[in-house]
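Shown next, in structure tokens, is the structure this report addresses.
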Amino acid sequence: MAEISYPFNADNATTGAAKAVSETQWQNMAHMWGGDRIDRSLTGQVSAAALPFSARAVNATTVQIGPGKAFVGGFYYELTAALNLTVAANTANTPRKDLVVIRVDMAKPAANLAIRKGTNAATALEPAPVRQSGGIWEMPLYEITLPANNGIPVLASRGPYNIPDPVAFPWNASPSAALMPKNTFAYDMDSNGPEEVAEYFNYSDKPRTTRQLGPTRKYTPSLVNVPTLQQGIADRKGRYRWIAPNTMWFSVRISTPADIKHIEAGWYVGISLPTTASAATGQTFHGVIQNTGPRQPGSGMPNYIPITGWVPVGKPTTTCILLYPNPTNLAAGLDGLPKIPGGSSLVISGVFEASDFPQ
């Protein structure tokens, strides 16, 4: 029979349907339901001792594994009491790394704790777990580092865990995500609008934006240290996108038919960012003024002007200071941008660390 399918209520020799399944067929089917993992959702901070399969080194040749449950290679495994495992002694003068695994052995058949022995080397590497459907299938729990000359083993966790299932909300995702278990990913599907699809992560303190999934969002950047009347003559366009936790990309284009100058009390022309930027270390961006259009008399500025955007160290701020090379003395470095000349366009973009996430 070229075609086999299972499990059904009855066998059918013509179609290949089977009522009963073998252990190997069960494994072929069941491991598709989910990957190997310890049966515990990580929903917040927890101590190593409180986790399933907690472990400790008893002596140079013995490690103890505590109770726990896991899904391995399509089968469920339970350890109901602490179990000691014997580690092969390392009498060599180089270290070795072994793996504590839950091993499904279809030849027994059973799932049991086991140790996969590594190879001694000056820079020892842990052995790879075996995953062979119908044969040996292993899920790692711990790496054991065995120092040279019978040193005490050192254990490092290698076991995979569950996380809370992701959820979706038609709207109000952030306050709704706050009611979910910690470490839950939640999606705002923006069922009432076309541009607000986003992913949130319910962190230990509150839900935080991890990324924006729809198109880039629009904002109108303000001109900093510029009189209100001059703000109105400029064509101001901005785009932004959350691209990672606490990380935003933005792009701004400002075109003006007339000079835009900073006020007397200021020393630079600046722009507003789409959200508050962290000023823990200071941040910079790259831009350019294209000054090749029809100019007003006395522009006194080059055709193309490199611009540096700067968020200085200090308090979180939405202000990006604009700097440009001193036009008469390059050795003088950067000065505050005095104006955006009439007939020109300023373009600046970059990625920055935000001070916090919006709610």
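The values are calculated or read from the model by the stated rules, or taken from the named source; none is laboratory data. Because the structure is a prediction, the values reported are computed rather than measured. Ideal geometry is used to build each Cβ from the backbone, glycine not excepted, and the neighbour counts take in all protein chains shown. Protein only, heavy atoms only, side chains kept; ligands, DNA and RNA dropped before computing areas. Shrake-Rupley method; radii C 1.70, N 1.55, O 1.52, S 1.80 Å.
Some observations on this one:
- Scoring 283-291, 321-329 by mean Cβ neighbours within 10 Å over their residues and listing the highest first yields 283-291, 321-329.
- Low-density loop positions, GluC sites (Glu not before Pro), the stretch 1-85 - DSSP coil, at most 16 other Cβ in 10 Å: Glu3
- On the beta carbon distance between Asp335 and Asn192, with R0 = 51 Å, the FRET formula returns roughly 0.60.
- Karplus-based coupling profile of the stretch 177-191, in residue order and whole Hz: 5, 5, 8, 7, x, 4, 6, 8, 8, 10, 10, 8, 8, 6, 5, with θ = phi - 60° in 6.51 cos²θ - 1.76 cosθ + 1.60 and x standing for Gly or Pro.
- Each part gets one Cα centre, and for the stretch 304-359 versus the stretch 91-137 those centres are 57 Å apart.
- Mean Cβ count within 10 Å, highest first, over the residues of peptides 102-113, 342-353, 11-22: 342-353, 102-113, 11-22
- In this view, the solvent-accessible surface of Asp205, computed with a 1.4 Å probe and all protein chains in place, comes to about 90 Å².
- Long-range amide H partners of Glu126 with built H, under 5 Å: none
- Working note: Karplus 6.51/-1.76/1.60 with θ = phi - 60° gives the stretch 205-219 the couplings 9, 5, x, 10, 5, 9, 6, 9, 9, x, x, 4, 9, 9, 8 Hz, where Gly and Pro are set to x.
- Counting every C-alpha pair in the stretch 115-208, the share spaced more than 22 angstrom apart comes to 56%.
- Within the accessible area of the chain, the carbon and sulfur atoms contribute 55%, probe 1.4 Å, all protein chains present.
- When Cα extents along the principal axes in Å is calculated for this entry, the matching label among (1) 79, 45, 39; (2) 94, 43, 30; (3) 91, 63, 40 is (3).
- Potential lengthening of the chain between Asn149 and Ala280 amounts to 42.4 nm, from the contour at 0.36 nm per residue minus the alpha-carbon distance.
- Most mobile listed residue (Gly118, Gly238, Gly270) in the chain, GNM with C-alpha springs under 10 Å: Gly118
- Taking Lys and Arg as +1 and Asp and Glu as -1, the other residues whose beta-carbon sits under 14 Å from that of Ile233 total +1.
- Amide proton proximity set for Arg131, modelled H, under 5 Å, gap of 5+: Glu138
- Contour minus Cα-Cα distance for Glu78 and Asn246 (0.36 nm per residue): 56.5 nm
- Scalar couplings 3J(HN,Hα) for the stretch 337-351, obtained by applying the Karplus form with A = 6.51, B = -1.76, C = 1.60 to θ = phi - 60°, are 5, x, 6, 9, x, x, x, 10, 9, 9, 10, 8, 8, x, 10 Hz; x denotes Gly and Pro.
- Each helix, a run of at least 4 DSSP H residues, gives -39500 (n - 2.57); summed and divided by the residues of the chain, these come to -1000 deg cm²/dmol at 222 nm.
- Taking the centroid of alpha carbons for each part, the stretch 1-47 and the stretch 141-219 are 28 Å apart.
- For the chain, the number of Lys pairs separated by eight or more positions or lying on different chains, with C-alpha atoms closer than 13 Å, is 4.
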